[in-house]
Amino acid sequence: MALLSVSNLEVEFKTAEGVVKAVNGMTFDVHEGETLAIVGESGAGKSQLVLSFMGLLAENGRVAGTALFHGNDLLQMKPKELNKIRGRHIAMIFQDPMTSLNPFLTIEKQMMEVVMHHQGLSRDEARSHAVEMLRAVRIPDPEERIKQYPHEYSGGMRQRVMIAIGLLCEPELLIADEPSTALDVTIQAQISELVSELRKETKMSLVLITHDLSAVAEIADRIIVMYAGEAIETGTVDEIFYSPQHPYTRGLIASVPRLDRVSDDELQAIPGNPPNLLALPEGCSFRDRCSEATEQCYQRPPLWRAGSGRTSRCFQGIEGGEIVAEPTGEGEE
Amino acid sequence: MNSEAETKTNELPIDDPFAELLIEKDVRGRSLWVDAWQRLLKNKAALVSIVIMLVMLLLIVFGPMLLPWEGDFTDWDNTSSPPSLKTGHWFGTDPVGRDILVRTLEGGRISLLVGLVATLVSLLIGVSYGAVAGYYGGMTDRVMMRVVDIIYALPFMFFVILLMVVFGRHIVLIFVAIGAVNWLDMARIVRGQTLSLKNTEFVEAARACGVDHHAIIRRHIIPNLLGVVMVYVTLTIPQVILVESFLSFLGLGVQEPMSSWGALVNDGAQDMESAPWTLVFPAAFLTVTLYCFNYIGDGMRDALDPKDHL
Amino acid sequence: MKQAGVLRHAAVRLLGLIPTLLVLITIAFFLIRMAPGGPFDGEKVLPPEIRANLDVNYHLDEPLLQQYFRYLGQIITGDFGPSFQYKDWTVNELIARGFPVSATLGGLAMALAFVLGTLIGTVAALRQNTAVDYSVMGVAMLGISIPNFVVAPLLILGTAVYAGWLPAGGWDWSWQRMVLPVITLALPVIAYIARLTRGSMIEVLHSNYIRTARAKGLPERLVIRRHAFKPAILPVISYMGPAMAALITGSVVIERIYSIPGLGSYFVQGALNRDYTLVMGVVIFYGIVIIVLNFIVDLLYAWLNPRIRYDEAQ
């Protein structure tokens, strides 16, 4: 059985200008020990997706569907039950390390409270556990530095502290929402490497959210490509990189600058902008930017599947695959 | 306000960056006001307050003309009589037989007059001081703001009282005294705005075009200060009315026969056991006025910059 | 390292206060002297010799500038001089009589305002945009708008005159006589702090570090107590300085209404009777009090906000 099993997840926001559908029927599984990457442009709905089953949506957000963790539906849980899971079995780290730590509390306090609350450790036990974790994420001189405040740490160090906090209770699932986006490239590499190493010890699953396709090639097992709130293609790393089926995926891969193909040509960007979620185009949401669009694309494209976990939502389909359900827009699968 | 800017853009070629900036400023300026106005209209509390204030204003200005007697007319047949339709004294009378309704409305004239004029004084001093400090910056600014800090720390009410005692209770003096003591907040805000405006691109563009300091202040800085100033004017008026009523309450405000709401409340408080209506009506009018102005000021502040709270 | 930073910060601020004091004294001095009529122009017309004697005794015959410097000298040694209207008392003695009363009133009012205000503001923030929030904030706005000299008579009418629960005024250090004046004095400050706290708390609750705290699986009550409260309170701490100035100002009227023999009462009396030294003394004394209190508030703020401590130490 999968560790996390999400079915038909939908997230809506009530705004002054209308209802915005940020996530439109996502279905996927996360298995033990695997790394799932969710890739897409800003506004694709990636963050809202995970915030929804972590219970961290904004007040005007509504979520529908199911998210089964070890068989229990996270979306139906009362706050008390959800709190037993958050921080302990599922941990999350966020995009902006500069503001994600409380500037008024020491690192020590912010770390100790996690283990003291979830595992009932004493102060001393909690402190030494926290120091060890800081050491594991390679913060120098952890016994001294743990007593400092967040503003005394650099951005990269703060993100490492966030990772440390996430790992304190040895969660089964770690969700990382664009962990390196706010940091510069060299730090990005360090963070990636760090996370990989730490996971070797445990069989922790990782859900990595990013807009940078190239960053996931090394560490992801499977990839979900999201666009305008939907999964438009899913597959293993190899499948996605070596035989991308959806025009958007192909566009993403083509837009990454490559060392092995140095040329004087311009970088290939996907033209246009992501659609306004209040006014989605008719039919396929990618239609306006797709170089391969046809008349057909004014209809909603069907979901193609080839083997387990390999899907594409496009009229072009997948080789050797079959249409899963008629495009009704809801309740597929 | 923008006719000169428009002529300028007509003369310059289209791809001149300065022309673009000037055009941009035009468009940006207009949509800011429209935007703010729409936001204000959505603020129910502010809207209701505006309506109430308009009604109050009408009552105060025209009411006394419509009533059969003046504030100092003493009706000896009806002293200390409670509000009643029979006697024609809808708000009752005080121990000397003066009609409370008329006195309240006339008191409103004084209170609002003081409010507006003292705020005007405050505005003039505050805006010029703040604009100069913000615009010239550097040492000038630091010295000027230090002075503001020093004065801010002092118990200003005491100084107002001192001024009243020293110079007597002439009404013009009250305007000046209250205004002179209240300009600090305005100066600070205006200085802050000017500082940030000074560094915007369109001011730099204007300077690069050779426009002189005076003109820059007049054409670019002051119109953009309007919004912020309006908010603080609306918030200063109730403060000033409050100070004046404090003074009147202590016996240091406007002199008889002029009577502001503060003085009426003072009188009413003395008779509150025997004739509570002498206290209640002026107090209610005063409170409602302050309440409404506060909501309007708050609403305007939210409309112009929804993030800027308190 | 951090402690040294805070102390140096404090010392610098302290030095900056001296010009403020000087300005205060100078303005007050020359203002009061400009008043037409002197302290002895009462209803009785005094014979000229006695008048001359009084003038000499109180140094009123000296040139103004000389009087000013003499006064400055006196102040430095802490002597505010004799009262002009209460012939047997010095200003120092009067201040010593009146200040404890006013300070008690003010202190209690400030404490009440802080506790109630932050509580109410927090509750409103937690129930943002509900009926509770709107009604609480509406009442708070009323609290700010309604002048204390309107509230006081109404309270007195309600509790003392009609219901007879509490005495209507006067002062004998009993708690019964403290209740009404403290509440009346505190009301606008409670309201302002409530509004301030609500706005601040709402902002804090939307910040990323609160999201992190929730993601850690901490119960909401703990998140608010440990993570949200301190940052949300900072603007309130900053406001304490102006709040105390407002309380001092308010006390003038409150003491009048409730017939309380505090410093505010003495001041008003002195102003009406042209008691130069008393008026000067009270203004300067309160000025010093405000300056010192502001200073303490600054220190408190710096202590609570680790970022400031850090910056200073650098």
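The values are calculated or read from the model by the stated rules, or taken from the named source; none is laboratory data. What you are looking at is a predicted structure, and each value in this text was computed from that prediction instead of being measured. As a convention, Cβ positions derive from the backbone with ideal geometry for all residues, glycine included, and neighbour counts pool all protein chains shown.
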Mind listing whichever residues of the range B:64-86 are more than 16 Å from B:Leu105 (Cβ to Cβ), in a loop (DSSP other than H, G, I, E, B) and either in contact with an Asp or Glu (Cβ under 8 Å, 6 or more places away or on another chain) or without any contact (Cβ under 8 Å) to a residue 40 or more places away in the chain (or both)? B:Thr74, B:Asp75, B:Thr79, B:Ser80, B:Ser81, B:Ser84, B:Leu85, B:Lys86
Between A:Ala306, A:Ala279, A:Ala215, A:Ala293, which is assigned by TED's automatic domain parsing to the domain that holds A:Glu34, more than 22 Å from the chain's Cα centre (by Cα) and modelled with pLDDT under 85? A:Ala279
Going through the range B:79-98 in order, the residues found to be surrounded by fewer than 18 Cβ atoms within 10 Å (Cβ to Cβ) and within 18 Å of B:Asp267 (Cα to Cα) are B:Thr79, B:Ser80, B:Pro82, B:Pro83, B:Pro95, B:Val96, B:Gly97
Mind counting the residues in the range A:164-188 that are part of a helix (DSSP H, G or I), under 21 Å from A:Leu101 (Cβ atoms) and modelled with pLDDT under 85? 2
Need at least 3 residues that are in contact with an Asp or Glu (Cβ under 9 Å, 6 or more places away or on another chain) and of a type outside the set (Asp, Glu) per element, so show me which helices (runs of 4 or more DSSP H) inside the range A:189-269 make the cut, counting only ones lying wholly within it. A:247-255
Right, C:Val283: under 13 Å from the mean Cα position of the chain (by Cα) and modelled with pLDDT under 85 or not? yes
Could you go through the range B:111-130 and let me know if any residue there is of a type in the set (Val, Ile, Thr), within 14 Å of chain C (Cβ to nearest Cβ), surrounded by 19 or more Cβ atoms within 10 Å (Cβ to Cβ) and within 22 Å of the chain's Cα centre (by Cα). no
Can you name every one of the helices (runs of 4 or more DSSP H) wholly within the range A:52-151 that holds 3 or more residues which are in contact with a Phe, Trp or Tyr (Cβ under 9 Å, 6 or more places away or on another chain), surrounded by fewer than 19 Cβ atoms within 10 Å (Cβ to Cβ) and of a type outside the set (Gly, Ala, Ser)? none
Residues that are surrounded by fewer than 21 Cβ atoms within 10 Å (Cβ to Cβ) and more than 15 Å from the chain's Cα centre (by Cα): which strands (runs of 3 or more DSSP E) entirely in the range A:1-41 hold 1 or more of them? A:4-15, A:18-30
Top-ranked residue in the range B:132-150 [being in contact (Cβ under 8 Å) with a residue 60 or more places away in the chain and assigned to a helix (DSSP H, G or I); ranked as farthest from B:Ala187 (Cα to Cα)]: B:Tyr135
Failed item, numbered, when C:Phe149 is tested on (1) in contact with a Phe, Trp or Tyr (Cβ under 8 Å, 6 or more places away or on another chain); (2) in a helix (DSSP H, G or I); (3) surrounded by fewer than 23 Cβ atoms within 10 Å (Cβ to Cβ); (4) not charged (D, E, K, R): (3)
Checking A:Arg86 against (1) closer than 25 Å to A:Ala182 by Cα; (2) more than 9 Å from every other protein chain (Cβ to nearest Cβ); (3) among the basic types (Lys, Arg), which single condition isn't satisfied? (2)
Qualifying positions in the range B:270-281 - farther than 13 Å from B:Pro95 by Cβ and more than 9 Å from chain C (Cβ to nearest Cβ): B:Phe281
Is there any pair with a first residue in the range A:186-202 that is outside the structural domain of A:Gly156 (by TED's automatic domain parsing) and surrounded by 17 or more Cβ atoms within 10 Å (Cβ to Cβ) and a second that is of a type in the set (S, T, N, Q) and at pLDDT 80 or above whose Cβ atoms are under 9 Å apart and which are 6 or more apart or on different chains, and what are they? A:Ile187/A:Ser154; A:Ile187/A:Gln159; A:Ile191/A:Gln159; A:Arg199/A:Thr35; A:Arg199/A:Ser205
Filtered residues of the range A:268-297 (kept if within 23 Å of A:Ala16 (Cα to Cα), in contact (Cβ under 8 Å) with a residue 40 or more places away in the chain and surrounded by fewer than 13 Cβ atoms within 10 Å (Cβ to Cβ)): A:Leu278
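Yes/no matrix, rows are residues, columns are (1) surrounded by fewer than 14 Cβ atoms within 10 Å (Cβ to Cβ); (2) part of a loop (DSSP other than H, G, I, E, B); (3) in contact with a Cys (Cβ under 7 Å, 6 or more places away or on another chain); (4) free of Cβ contacts under 8 Å to residues at least 24 places away in the same chain:
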residue: C:Phe80; (1), (2), (3), (4): no, yes, no, no
residue: C:Lys87; (1), (2), (3), (4): yes, yes, no, yes
residue: C:Ala103; (1), (2), (3), (4): no, no, no, yes
residue: C:Phe114; (1), (2), (3), (4): no, no, no, no
residue: C:Ala125; (1), (2), (3), (4): no, no, no, no
residue: C:Val136; (1), (2), (3), (4): no, no, no, no
residue: C:Ile144; (1), (2), (3), (4): no, no, no, no
residue: C:Leu155; (1), (2), (3), (4): no, no, no, no
residue: C:Ala160; (1), (2), (3), (4): no, no, no, yes
Restricted to the range A:152-163 and to residues being outside any loop (DSSP other than H, G, I, E, B) and closer than 20 Å to A:Met112 by Cβ, the residue farthest from the chain's Cα centre (by Cα) is A:Glu152
Restricting the range C:192-207 to residues that are farther than 13 Å from C:Arg127 by Cβ, within 9 Å of chain B (Cβ to nearest Cβ) and out of contact with any Pro (no Cβ under 7 Å at 6 or more places or on another chain), the one surrounded by the fewest Cβ atoms within 10 Å (Cβ to Cβ) turns out to be C:Glu203
Taking the criterion of being more than 9 Å from chain C (Cβ to nearest Cβ), modelled with pLDDT of 90 or more and on the phi > 0 side of the Ramachandran plot, would at least one residue in the range A:92-113 satisfy it? no
Inside the range B:271-288, can you point out the residues that are touching a residue at least 12 places away in the same chain (Cβ under 8 Å) and surrounded by fewer than 18 Cβ atoms within 10 Å (Cβ to Cβ)? B:Asp271, B:Ser274, B:Val288
Give the number of residues within the range C:258-280 that are at positive phi and more than 9 Å from every other protein chain (Cβ to nearest Cβ). 1
Looking for whichever is at pLDDT 80 or above and over 18 Å from B:Pro238 (Cα atoms) here; the options are C:Val179, C:Val161. Which one fits? C:Val179
Boolean, B:Met56 is out of contact with any Phe, Trp or Tyr (no Cβ under 7 Å at 6 or more places or on another chain), in a helix (DSSP H, G or I) and surrounded by fewer than 17 Cβ atoms within 10 Å (Cβ to Cβ): no
Just to be sure before I move on: is A:Met77 farther than 25 Å from A:Ser7 by Cβ, without any contact (Cβ under 8 Å) to a residue 24 or more places away in the chain and either more than 9 Å from every other protein chain (Cβ to nearest Cβ) or not hydrophobic (A, V, I, L, M, F, W, C) (or both) in the structure I sent? no
